[in-house]
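What follows is one structure encoded as structure tokens, with my remarks underneath.
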Amino acid sequence: MTLKDKAVQHASHYFDEGGFKKDLSELIAVKTESQNQKYNLKNYYKNNIIPMLTEMGFKCNIMKNSSPESNVFLFAERIENHNFKTILTYGHGDVVLGQDESWEDDLTPYKLIEKDGSFYGRGTADNKGQHFINIKALNSLLSVQNKLGFNYKILFEMGEEIGSPGLKLFCEKNKEKLKADVFIASDGPRISQKTPTIFTGSRGGINFDLSVSLRDGAHHSGNFGGILKDPSIILSHAIASITDARGQINIKDWLPTSLTPKIKQILSELPLVDAGFKLDPDWGQIELTMSERVFGWNSFCVLAMISGEPNAPLNAISGYAKATCQLRFVVGTDVKNIIPALRKYLDDHGFEDVDIHKTDMNPFPATRLDMNDPWLSFVKKSLESSTNLKIDLLPNLGGSLPNDCFAEVLNLPTIWIPHSYAGCSQHSPNEHLPIAIARQALLCMTSLFADLSTSEKV
Ligand SMILES: [Zn+2]
């Protein structure tokens, strides 16, 4: 039996004999809502993660977060040899609110319950189940050979669900400590349930308000209608000029330059996102495929709009209208020019009355790894050989995540292997992790670590 076979056998026994379910239950039982200050989130490190990692030969350090809004970090490392390659990983132990009242009758957020082929509980998918799978995969390798054959560093935070306050600064201040050859972590959904997905970055996002403020208060629409400008109509026309009626962006400077033939080819191999509801093929950039529209292109949307008193409309012309808008963008977008280009575009189209107010101090940057990166080929090959499946390779997620901390601040190749799926109800009641995904993920991560252990070079 090869080392890999032994490690995978160890992992499958652990899973099939109930060890995985039992141990994950203990993690799910810890209430770690980061939006709820009454919980002491440090306990998840102290009582759960640190004992587990210490037993695996890791040195663990709870470290300060300089952001007052968030909780401490946990840094753990197992350094076997300074000449070995080093992998950095990341996980978040915090969860969103439990929403206890809204779960199905036989389910409750902080008790792991097995039902219909899934483990239910808050954090099973986002992110406790995912980082736990990786720790246990690593443990299977350690159990059969007492060494990894590489160095492994783990960064944990307890504030991801409130926007990872302090994470970027922590990475900037601890570059030496976090130094590695590659970043490999797990969060977010796979594209399809059956097949592992790799993604290497995320779209960025910038939020801003557009407002038209013409006068104080509202004025009688009978007495003044026809002789007073209506801010809602002006704002609506301004927004309607930014895209056409199917959402195609009209501002040329907002478009990306990165949808190359190579990226098009990679995206063409992906199945369509399994959202669980009907998508709109007649929306977005007409000449692009649906995958290209969401993963390879930029999209503009209106998050909220208000004028007058929507709950108690008066027969009056409002003095004010406001819309909160967002541009999601891929790499290859001139981010610094997004707001100036919008200002120029609105002025050129006669909308000088529309004010732009940037609501984000730091927009989420877009990231994506070079698709020819050797680490990417190594990981993809390993996952394909252990699962016998063609991996879904996604250059970047459509959504955003703090990947720039690792890709830009630490300058690492970033590879994400998500162990969940789009219908897992993360961030809503009935969050769950399908057992088939958990088991397959544990085995293929174990194989990946065994491949890293025995490979000479990546
Ligand atoms: Zn989340």
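The values are calculated or read from the model by the stated rules, or taken from the named source; none is laboratory data. Computed from a predicted structure; not experimentally measured. When we count neighbours, we look across all protein chains shown, and the Cβ atoms used for this are built from the backbone with ideal geometry, even at glycine. To get the accessible areas, we keep the full protein, side chains included, count just its heavy atoms, and leave off ligands, DNA and RNA. Shrake-Rupley method; radii C 1.70, N 1.55, O 1.52, S 1.80 Å.
Here is how the numbers come out for the structure above:
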{"quantity": "Test: residue in the range 16-34 that is in contact with a Ser or Thr (Cβ under 7 Å, 6 or more places away or on another chain) and assigned to a loop (DSSP other than H, G, I, E, B)", "calculated": "no"}
{"quantity": "Of all residues making up the range 422-438, the number that are under 23 Å from ALA137 (Cβ atoms) and either modelled with pLDDT of 90 or more or not assigned by TED's automatic domain parsing to the domain that holds PHE20 (or both)", "calculated": "9"}
{"quantity": "Residue within the range 247-270 that is among the hydrophobic types (A, V, I, L, M, F, W, C), modelled with pLDDT under 95 and open to solvent by 50 Å² or more (accessible area, probe 1.4 Å) present", "calculated": "no"}
{"quantity": "When residues of the range 396-423 are limited to those that are touching a helix residue (DSSP H, G or I) at 6+ places or on another chain (Cβ under 9 Å) and within 13 Å of the ligand (Cβ to nearest atom), the one farthest from GLY98 (Cα to Cα)", "calculated": "LEU397"}
{"quantity": "Single residue of GLU55, GLU101, GLU114 found to be in contact (Cβ under 8 Å) with a residue 40 or more places away in the chain, surrounded by fewer than 20 Cβ atoms within 10 Å (Cβ to Cβ), out of contact with any Asp or Glu (no Cβ under 6 Å at 6 or more places or on another chain) and farther than 18 Å from SER186 by Cβ", "calculated": "GLU114"}
{"quantity": "Any hit, the range 167-176, residues being touching a helix residue (DSSP H, G or I) at 6+ places or on another chain (Cβ under 7 Å), open to solvent by less than 10 Å² (accessible area, probe 1.4 Å) and within 16 Å of the ligand (Cβ to nearest atom)", "calculated": "yes"}
{"quantity": "Number of the condition not met by ASP230 [criteria: (1) at pLDDT 95 or above; (2) within 16 Å of the ligand (Cβ to nearest atom); (3) acidic (Asp, Glu)]", "calculated": "(2)"}
{"quantity": "Single residue of the range 143-166 satisfying the filter (at positive phi and either of a type in the set (Gly, Ala, Ser) or under 15 Å from the mean Cα position of the chain (by Cα) (or both)) that is farthest from the ligand (Cβ to nearest atom)", "calculated": "GLY149"}
{"quantity": "Scan of the range 127-142 for residues that are touching a Gly at 6+ places or on another chain (Cβ under 8 Å) and within 16 Å of the ligand (Cβ to nearest atom), ordered by number", "calculated": "ASN127, LYS128, GLY129, GLN130, HIS131"}
{"quantity": "Residue in the range 59-75 that is within 16 Å of the ligand (Cβ to nearest atom), at negative phi and surrounded by 19 or more Cβ atoms within 10 Å (Cβ to Cβ) present", "calculated": "yes"}
{"quantity": "Number of positions in the range 231-246 that are in a loop (DSSP other than H, G, I, E, B) and touching a helix residue (DSSP H, G or I) at 6+ places or on another chain (Cβ under 9 Å)", "calculated": "0"}
{"quantity": "Count of residues meeting criterion [open to solvent by less than 10 Å² (accessible area, probe 1.4 Å) and in contact with a Ser or Thr (Cβ under 8 Å, 6 or more places away or on another chain)] in the range 191-204", "calculated": "5"}
{"quantity": "Members of the range 177-190 found to be more than 16 Å from the ligand (Cβ to nearest atom) and open to solvent by 10 Å² or more (accessible area, probe 1.4 Å), listed by number", "calculated": "LYS177, LYS179, ALA180, ASP181"}
{"quantity": "Failed item in (1) within 22 Å of TRP416 (Cβ to Cβ); (2) surrounded by fewer than 23 Cβ atoms within 10 Å (Cβ to Cβ); (3) away from the ligand (no atom under 16 Å from the Cβ); (4) among the aliphatic types (A, V, I, L, M), with VAL96 passing the rest", "calculated": "(3)"}
{"quantity": "Strands (runs of 3 or more DSSP E) (entirely within the range 297-413) containing at least 2 residues that are within 21 Å of the chain's Cα centre (by Cα), in the same structural domain as ASP181 (by TED's automatic domain parsing) and under 27 Å from LYS264 (Cβ atoms)", "calculated": "392-394"}
{"quantity": "Every pair of residues 6+ apart whose Cβ atoms lie under 8 Å, when the first sits in the range 223-247 and is β-branched (Val, Ile, Thr) while the second is open to solvent by 50 Å² or more (accessible area, probe 1.4 Å) and modelled with pLDDT of 95 or more", "calculated": "ILE234/ASP353; ILE239/VAL302; ILE242/ASN250; THR243/ASN250"}
{"quantity": "Hits in the range 205-231 - residues which are open to solvent by 40 Å² or more (accessible area, probe 1.4 Å) and small (Gly, Ala, Ser)", "calculated": "SER213, GLY217, ALA218, SER221, GLY222, GLY225, GLY226"}
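Residue-by-condition table, conditions (1) of a type in the set (Phe, Trp, Tyr); (2) open to solvent by less than 30 Å² (accessible area, probe 1.4 Å); (3) closer than 28 Å to ASN411 by Cβ:
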site: VAL8; (1), (2), (3): no, no, no
site: SER12; (1), (2), (3): no, yes, no
site: ILE28; (1), (2), (3): no, yes, no
site: GLN37; (1), (2), (3): no, no, no
site: LYS85; (1), (2), (3): no, no, yes
